Each structure stands twice: as C-alpha cells, then as structure tokens.
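Data block below; observations after.
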Amino acid sequence: MCIPQGSMQVSLHSNSCWSNCIARLSNIGCELNSSARSYTFKVSEEDDSEHFLALNMACLSAGAKEECNIVEVVGHDYQNKEVAVPVANLKLSCQPWLCLDNFEFQPPVTFRLRSGSGPVHLSGQHQIFHRKDLSDEDVSDDDDDDESIDQEEELSPIKPAKKKQKS
C-alpha cells in the first residue's frame, strides 16, 4: 500500500543539468508486512518527465516481533536481469529504524520484505522533473540582456570627487 502524503512545486534555475526545469515533489510512504511483502514504485511509460524516488527512512511499527526484518531493493541491471540488494536490517530491540538519507532510485523499483513479518514502514519523496519549453522565454531573456547592456553603455563614467581646499 502506498500513500501520497503531500506535494509542492518548485522551479529550478541554475547552471546544472536540471536548469530550466520545474520539479514537483510528493511525500510517499508504504508498509511492508506478512500479507503485503512487496511494493513496486513505477510510473507511466508515456510520461516524458524524469522521476526519482528518494527513500528517507525505514522503521518498524507497532506490532513488530523481535526478529530481523530485512528490506531489499529489487531492480534490473543493463542486461535486464533482476538484482536484489538489501538496504535495511531492522530489529525491534537494537535497530527499530534506519535513516536512508534520500537514497535515490529511478523507477521502476520494487521494495521487498525478504525476511521477517514487519510491519516495516518506508517513507520518501517522489521527485518529478518537467523540462520547460524555453523557445519563447529564450527570445525574451535575450532581449532583456541586450537592454541591460545598452543601459550600461549609456551610463556616464564615474568622476572622482572634488577635494575641498582648506582655507
């Protein structure tokens, strides 16, 4: 079960590879347990935006047993073979939660409860980057730059201040 928890939208204007993008950020969470042992995060193939899932935290919830709960991430390599990598080993008595520091994945990605019965809650952020169409903006930005250059040329040079003579 996946629960979107809120969203916000920001614009990125920097010299990075994501400059001129609009990012939409949504909090997301899911629970892995004995009846729902996996959750797959995927997006529509027709969507031309860039999607990322930044995993923030994994934690045991009320009702968890004193056992190792291993959460693994399942993805595919360049040969389209399934690859499973453990990312969290939680135990109620010694490590009931783990900060994953925005561990980023590109969908599709599956989170699986490899061992234990949970419940394990995963929380993170769904990041969507939309590229802006800059064809109209580029023209207006260039015009603004030309105007500022013209204004600089019209300014008179700075003259030194006149010294007052002592009488």
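Could you check the spin-label model distance between Cys94 and Gln106? Points 7 Å from the Cα along Cα→Cβ, value in nm.
Taking the simple label geometry, Cys94 and Gln106 are separated by 3.7 nm.
Please list, in chain and number order, the residues 5+ apart from Ala88 or on another chain whose amide H is under 5 Å from its amide H, with Hs placed from the backbone.
Distant-sequence amide H within range of Ala88: Val71.
Which FRET efficiency, nearest 0.05, do Asp77 and Met57 yield, Cβ-Cβ r, R0 35 Å? Mind showing how you got there, number by number?
Values: r = 27 Å, r/R0 = 0.76.
My answer for the efficiency is 0.85.
Contour minus end-to-end for Arg24 and Lys164, with contour as 0.36 nm per residue of separation and end-to-end as the Cα-Cα distance?
Details: separation 140, 0.36 × 140 = 50.40 nm, distance 6.10 nm.
Extra length available between Arg24 and Lys164 comes to 44.3 nm.
In whole Å, what three semi-axes, largest first, describe the equivalent ellipsoid of the range 20-131 built from its Cα gyration tensor (square root of 5 times each eigenvalue)? Present the calculation step by step, with values, prior to reporting the outcome.
Numbers: eigenvalues 146, 50, 25 Å².
Here the semi-axes work out to 27, 16, 11 Å.
I want to check the label-to-label distance for Ser35 and Glu67. Put each point 7 Å from Cα in the C-beta direction and report it in nm to one decimal.
1.6 nm
Each reported figure results from applying straightforward, stated rules to the coordinates on display, with no laboratory input. Please read all numbers here as calculations on a predicted model, not as lab measurements. All Cβ positions, even for glycine, are placed from backbone atoms using ideal geometry, and neighbour counts span all protein chains on display.
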